[in-house]
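Q: Quick one: the structure is below, and I'll ask about it shortly.
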Amino acid sequence: MKHHYHCPDFPFVYNPVEFNKYSDKEFLQYCPGAVMYMPGTRNFSPKILEKSVLGLTTLVLCLEDACPEQDVPAAEENVLQLLDTVSNAIESGKLTYESVPLIFIRVRSLSQFKNFSPRLTPAMAKVLTGFNFPKFNSLNGVEYLEHLRIVNQDIGEILYGMPIIEDSRVAFKETRIKELIAIKTILDSHKEYILQVRVGATDFSSCFGVRRGVYNTIYDVLPVAECLSDILNVFSRSNEYVVSGPVWEYFRQSKNMMFEEVQIHGKDDFLFKYPLIFNNEIDGLIREVLLDRANGFIGRTVIHPTHVIYVNALMAVTKEEYDDACQILDTKDGVIKSTKSNKMNEVNPHSSWAKNVYMRAKAFGVIKNEHSYMELFSTGND
């Protein structure tokens with residue numbers, strides 16, 4: 001798999017590097033990008049075989065919130081069938097392993113994970129990258145990761161875990177820091193299995209009875225922004241873990257919209273001051289992803305196919321950023337003038353940033369400048 005595979009003619013300064021579940025973990029943790037959630041009940045295997053979701057590189061089959069409880073048995077069967085179908089397609093030559101997205105299963109609970117995992121065959125596990133663990137906390141975390149270790153040992157495959165931090169123990173200030181430190185202690189003792197740390201802003205919002213509107217970002221919702229800030233503070237320091245951003249809930253644009261098409265807007269679209277680029281829903285997503293990047297999130301959860309290309313495009317690195325990162329990583333210490341002579345690069349304070357940028361460039365590519373993002377949104381979008 002490779003980011004922006006649908007843009008073969010885009011003039012990258014440096015092309016994205018191919019990856020799969022067996023790639024070096026230090027690199028792979030930067031690769032998921034836009035992680036699209038699908039209900040476990042959905043028959044998604046034809047879309048994987050036909051590559052019909054533009055730019056899709058990472059998929060989560062959800063057995064939790066997106067799946068009503070009464071439908072869980074059918075969803076489990078459907079997920080197993082999907083993995084079997086993809087595995088058989090590779091075996092028969094209808095699909096190459098390199099074209100299969102990273103596939104994760106979001107389990108419903110610890111007990112469901114323990115009951116479901118023995119049904120995986122080695123062939124299914126080969127096309128599965130791992131599991132998402134919802135409402136991960138200090139009470140259930142050890143059991144989740146100990147069972148993940150057992151699954152890896154029993155099946156003889158690498159299957160990663162992506163814990164989702166989203167429950168009230170982190171939302172509420174009086175328990176937050178103690179809880180986050182306890183979760184990090186658990187992750188540190190199972191670090192070889194942790195691909196990313198994920199966050200659930202919708203659940204955090206629910207704790208406070210709030211919901212961001214289409215004109216706001218999650219960073220405008222102060223109680224939730226505080227939660228996200230503290231999660232980044234604990235887990236992303238010195239690039240210990242890659243932390244991905246939360247879902248954006250709004251969508252409107254057509255699945256086959258070209259960048260050049262002009263959207264029709266009603267008078268309600270102009271109540272706020274933002275000049276429109278696409279429409280309120282996509283513009284809001286772009287604003288939030290830019291703030292993700294500024295704060296240290298890498299990639300994010302998405303729930304609509306049209307969000308994928310925007311999130312992954314904005315993860316690309318400009319040549320100026322890349323050159324600065326390389327200059328910092330190649331210099332022993334001290335302070336140096338940037339390659340464009342427009343800023344100070346201080347080696348020791350900027351080294352973590354430089355490593356982050358370098359790995360993101362490897363995963364998502366290097367583009368000429370900030371104007372290139374607009375071109376990348378549209379290239380191959382037909």
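The values are calculated or read from the model by the stated rules, or taken from the named source; none is laboratory data. As the structure is a computational prediction, the values presented were derived from the model and not from experiment. Positions of Cβ are generated from backbone atoms using ideal geometry, with glycine treated the same way; all protein chains shown enter the neighbour counts.
Q: Out of curiosity, is Val100 under 27 Å from Val17 (Cβ atoms) and of a type in the set (A, V, I, L, M, F, W, C)? Explain how you work it out, then say what you get.
A: Numbers: under 27 Å from Val17 (Cβ atoms): yes; of a type in the set (A, V, I, L, M, F, W, C): yes.
So Val100 passes the test.
Q: Applying the selection to segment 148-182, what residues are of a type in the set (Asp, Glu), closer than 18 Å to Pro134 by Cβ, in contact with a helix residue (DSSP H, G or I) (Cβ under 6 Å, 6 or more places away or on another chain) and not in a helix (DSSP H, G or I)?
A: Matches in segment 148-182: Glu166 only.
Q: Being modelled with pLDDT of 95 or more and under 20 Å from Ala123 (Cβ atoms) is true for just one of Thr57, Thr85. Which residue is that?
A: Thr85
Q: Can you pull out every residue in segment 315-333 that is modelled with pLDDT under 95 and within 17 Å of Leu376 (Cα to Cα)?
A: Across segment 315-333, there are no qualifying residues.
Q: Then there is this: When you scan segment 52-69, do you find a residue that is of a type outside the set (Ser, Thr, Tyr), more than 25 Å from Gly299 (Cα to Cα), out of contact with any strand residue (DSSP E or B) (no Cβ under 7 Å at 6 or more places or on another chain) and not assigned by TED's automatic domain parsing to the domain that holds Phe364, even just one?
A: Yes: segment 52-69 contains one or more residues that are of a type outside the set (Ser, Thr, Tyr), more than 25 Å from Gly299 (Cα to Cα), out of contact with any strand residue (DSSP E or B) (no Cβ under 7 Å at 6 or more places or on another chain) and not assigned by TED's automatic domain parsing to the domain that holds Phe364.
Q: Looking only at segment 187-205, which residues are surrounded by 17 or more Cβ atoms within 10 Å (Cβ to Cβ), in a helix (DSSP H, G or I) and not hydroxyl-bearing (Ser, Thr, Tyr)?
A: Leu187, Ala201, Asp203, Phe204
Q: Still on this structure, I have one more. Within segment 158-186, restricting attention to residues that are of a type in the set (A, V, I, L, M, F, W, C) and surrounded by fewer than 19 Cβ atoms within 10 Å (Cβ to Cβ), which residue is nearest to Leu120 (Cα to Cα)?
A: That would be Ile158.
Q: Need a quick list: helices (runs of 4 or more DSSP H) entirely within segment 276-382 having at least 1 residues that are of a type in the set (Ser, Thr, Tyr).
A: The helices (runs of 4 or more DSSP H) meeting that bar are 308-314, 319-329, 347-364, 372-378.
Q: Now for a separate question. Quick check on my filter: what residues within segment 47-70 are more than 26 Å from Leu376 (Cα to Cα), in contact with a helix residue (DSSP H, G or I) (Cβ under 9 Å, 6 or more places away or on another chain) and not in a loop (DSSP other than H, G, I, E, B)?
A: Leu61, Cys62
Q: Of everything in segment 71-110, what is touching a helix residue (DSSP H, G or I) at 6+ places or on another chain (Cβ under 6 Å), surrounded by fewer than 18 Cβ atoms within 10 Å (Cβ to Cβ) and assigned to a loop (DSSP other than H, G, I, E, B)? Give them in sequence order.
A: None; the set is empty.
Q: Could you list, in sequence order, all residues of segment 328-374 that are aliphatic (A, V, I, L, M), without any contact (Cβ under 8 Å) to a residue 40 or more places away in the chain and surrounded by 18 or more Cβ atoms within 10 Å (Cβ to Cβ)? Reasoning before the result, please.
A: Residues of segment 328-374 that are aliphatic (A, V, I, L, M), as a first pass: 328-329, 335-336, 344, 347, 354, 357, 359, 361, 363, 366-367, 374.
Those left that are additionally without any contact (Cβ under 8 Å) to a residue 40 or more places away in the chain: 328-329, 335-336, 344, 347, 354.
Scanning segment 328-374 gives Ile328, Ala354.
Q: Within segment 280-301, restricting attention to residues that are in contact (Cβ under 8 Å) with a residue 40 or more places away in the chain and either among the hydroxyl-bearing types (Ser, Thr, Tyr) or more than 23 Å from Lys362 (Cα to Cα) (or both), which residue is surrounded by the most Cβ atoms within 10 Å (Cβ to Cβ)?
A: Here the residue is Thr301.
Q: Return yes when Val210 is in contact (Cβ under 8 Å) with a residue 12 or more places away in the chain, within 15 Å of Lys135 (Cα to Cα), assigned by TED's automatic domain parsing to the domain that holds Asn280 and in contact with a helix residue (DSSP H, G or I) (Cβ under 9 Å, 6 or more places away or on another chain) and no when it is not.
A: So Val210 fails the test.
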